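Heads up, the thing below is written out as structure tokens.
The values are calculated or read from the model by the stated rules, or taken from the named source; none is laboratory data. This is a predicted model, so every value here is computed, not measured. Reconstructed Cβ throughout: ideal geometry from the backbone, glycine too, with neighbour counts over all protein chains shown. Ligands, DNA and RNA are excluded from the accessible area calculation, which covers all protein heavy atoms including side chains. Shrake-Rupley method; radii C 1.70, N 1.55, O 1.52, S 1.80 Å.
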Amino acid sequence: MRTVHVLTPKLYSPLCFIPELLPDECLYSFLQRIWTLNAFTLPRQFMVLLFGCDSHIPVLDLPTGLDALQRTLGERSPFKSADDLIDRATLYPYHRPFLSASRNTRLVHLFRGTGGQGVKTLLGRVANGFGAQVIARYCVLCNTSTAKQYGCTYWQRSHQLPGVVYCTVHGIQLDVLSGLSCLSHRQQLQQSPWPSTFEPTCIARESHNYQLALMSVALLQANRYISDVSALNFVYISKILSLGFNKTHGKIDFPALTDAIREYYNHFQGFEHRERLLSSANHPLFWLYSTLRRPGRSSHPICHLLLIRFLFGSIEKFLDAFDSSKNNMADRWRTQENDTLPRQTIVVPRHPRRDTPFSNQTEFGQATSDRLGSTSSAVSGSRQTIEMTNQGRCHRVPEVIRLAIVTDLCAGLAIAEISKKHSVSISVAYRIRAHTPGLKQLHADHKIESERITHRQHWLALCKKLPAKGVTMIRATSPGEYAWLRRNDQQWLKDVCSTLPRAPTGPRNSKVDWTKRDQSLAKQAQQFVRNERTRINRSRISATLILRHLNREAMVRANRERLPTLNNTLIELSESIEQFQKFRIDLAIDKLRCLGLLRSRWRIQRLAGLKNWTPSLSAYAISRGIDMS
């Protein structure tokens, strides 16, 4: 038997009855049931009662004003706190695992406050191209089941997730309540439709669309908070490299990875956001580059879910892999911010106390380096710099050996060779070089000169071996030698190469036929515009959009005077801002006609997304039979 919350005489509240939160119910549906069960009639008055604000707009996915709502519900609230409300009745747990700690703090502040401006912009849903508007979806079989069990239908969180078009319980396609965004009163709370007779559209449980829905719901129900996006990125990259998608220098082979993902998902056939996932033509699956190379950026959870399923297979395996490596990921993987941190300055006392518990200066140096998080060599170098007494040092280098090391350094011998020759550590040789005035630069000059002689000999040997091949062929044989000489011995390389014969070259290509190229590009532009005008969800057709599709933007802009036909075609086919606004007005009018709603100015302006309504747009709307009063 379910428990209910009934008003008692000792506890005053304007709400006579507060129901319990149903399984997977979103806050919007919970408020709609409070509205119905308490027999409210004025939406604005209801919003003032709950949120203390007459302009609050309830939404299905990411509501705000939660602190005020929790205070209004009081002790009978089914939520322990506003944070518990966020976890159980909103879609924020779906986005939170892939957000940084600072971004999460800002978003929680917006959810709990009364002003919700910029929530979806901060989440990245506005800029990432997947769409920020929530689509009210419901499952007819789920509504039938809840109507029998609870006596009502309600909106479920798992049905409102972005990109989820199938019910994970019944495996049928979700229906859409189209008129929710076109309501005359946006504060009016709508109930999920009651069940009716229909023929369900089932889907194979193995399909990628259904698997994406399962992973989205699993991510929402996991309610995890990772906060360390660099650690998350480390898990991705480690798994990618372990699968063999790496180049010889240890970096990710992005072309091979993108090809494998497209093949795995069958080029995203049937996905709601297929064009966005495949874009762009020059950089296929560009969201993959952004997700892996810029972990601090808010990528859409769909991108992460597709990558997780390809790499791990399920949310559970991914979370297990993350938990198993979270203890050492922070030390093994650092972002670029760590490189900008100031180095810790080692401060060694000028006169150590005589009653020190250490038996000698070596033990003192090791203990100091452990305390400061540095190395023994750094501590010893700092001690020598400030001329500390070093009489008790166990590894003191005899003066004869020190002079011999200085002599070998002046001769240009390598540090490793000197260390082996005199049976001293590499740190000792480096320390002597650092504290002998002028020795470091002299050793570097000798090293460069020795390398110059070696590279010259190798290049001359190649020139003798391939006398008739020319500079290009010799350079291709040993590009490292050529690069070093070009950077460090350019004049000598130029003198030697001038004596080599030029390699034979084939006939040059004839000049570009600009007339033929002009006609070809004009035809391609016309074909692209014809195809683009058949799409409903398209952007404005501008000259830049056409040229970018042709992949010839830079060439065309540099040779405008040679392409007159293409220039005239671009002028004729380009769409002005006003023409594109009229196109969006036509789409809004057609949508309202299909929904059977009154075609008023405010509805058209909202659906068309027009900020300003100009006189020319008013005249065009009147010509389409719209009431502008």
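With the cut-off at 25 Å, tell me which of the pairs Lys80/Lys317; Lys251/Lys465; Lys239/Lys326; Lys420/Lys440; Lys591/Lys611; Lys447/Lys494 have Cα atoms farther apart than that. From Lys80/Lys317; Lys251/Lys465; Lys239/Lys326; Lys420/Lys440; Lys591/Lys611; Lys447/Lys494, over 25 Å: Lys80/Lys317; Lys251/Lys465.
Overall, the accessible surface of region 229-332 at a probe of 1.4 angstrom is composed of carbon and sulfur to the extent of 48 percent. Hey, can you grab everything whose amide H is under 5 Å from the amide H of Tyr166? Only 5+ residues off in sequence or another chain; H modelled, so Pro and N-termini drop out. Close amide H contacts, sequence-distant or interchain: Leu174. Distant-in-sequence amide contacts of Asn246, defined by a placed amide H-H separation under 5 Å and a gap of 5 or more residues or a different chain, comprise Asp253. Would you mind pulling out the separation of the Cα centroids of region 215-264 and region 419-483, in Å? For region 215-264 versus region 419-483, the Cα centre distance is 41 Å.
Over what distance in Å are the Cα centres of region 42-91 and region 286-320 separated? Value for the Cα centre distance between the two parts: 32 Å. Sorted largest first by accessible area at a 1.4 angstrom probe radius, with every protein chain in place, the residues Cys139, Cys53 fall in the order Cys53, Cys139. For Ser314, the accessible surface of its heavy atoms amounts to roughly 30 Å² (probe 1.4 Å, protein chains only, rounded to the nearest 10).
For region 487-625, just say rounded, prolate or oblate: build the C-alpha gyration tensor, square-root its eigenvalues into a ≥ b ≥ c, call rounded for a/c under 1.5, and beyond that prolate if a/b exceeds b/c, oblate if not. Note, shape of region 487-625 comes out prolate.
Element breakdown for region 579-624 at a 1.4 angstrom probe: carbon and sulfur atoms account for 54% of the accessible area.
Computed over protein heavy atoms with a 1.4 Å probe, the carbon and sulfur contribution to the accessible area of region 515-575 reaches 47%.
Between Thr114 and Leu550, full extension at 0.36 nm per residue minus the direct alpha carbon distance yields a gain of 152.2 nm. Along region 527-536 the Karplus relation, 6.51 cos²θ - 1.76 cosθ + 1.60 evaluated at θ = phi - 60°, assigns HN-Hα couplings of 5, 5, 5, 4, 5, 5, 5, 7, 7, 7 Hz to successive residues, with x for each Gly and Pro. With a simple spin-label model that places each label point 7 Å from the Cα along the Cα-to-Cβ direction, the separation between His267 and Lys516 comes to 3.0 nm. 3J(HN,Hα) couplings calculated from phi for region 57-70 with the Karplus curve 6.51 cos²θ - 1.76 cosθ + 1.60 (θ = phi - 60°) are, in sequence order, 10, x, 10, 7, 9, 10, x, 10, x, 6, 5, 5, 5, 5 Hz; Gly and Pro show x. Taking the Cα centre of region 481-629 as origin and assigning +1 to Lys and Arg Cβ atoms and -1 to Asp and Glu Cβ atoms, the resulting dipole is close to 420 debye. Each residue of region 441-448 was assigned a 3J(HN,Hα) from its phi angle through the Karplus curve 6.51 cos²θ - 1.76 cosθ + 1.60 (θ = phi - 60°); the sequence is 5, 5, 5, 5, 5, 5, 5, 5 Hz, with glycine and proline shown as x. Overall, the anisotropy analysis places region 443-499 in the prolate class: the square-rooted eigenvalues a ≥ b ≥ c of its C-alpha gyration tensor yield a/c not less than 1.5, with a/b exceeding b/c. Extension gain, Leu177 to Phe286: 0.36 nm times the residue separation minus the Cα-Cα distance gives 36.0 nm.
Can you check what the net charge comes to around Asp323, using other residues whose Cβ is under 12 Å from the Cβ of Asp323 (Lys, Arg +1; Asp, Glu -1)? Around Asp323, the surrounding residues sum to +1.
Can you give the Rg to Rh ratio of region 73-167, both from alpha-carbon atoms, with Rh computed by the Kirkwood formula?
My calculation puts Rg/Rh at 1.01.
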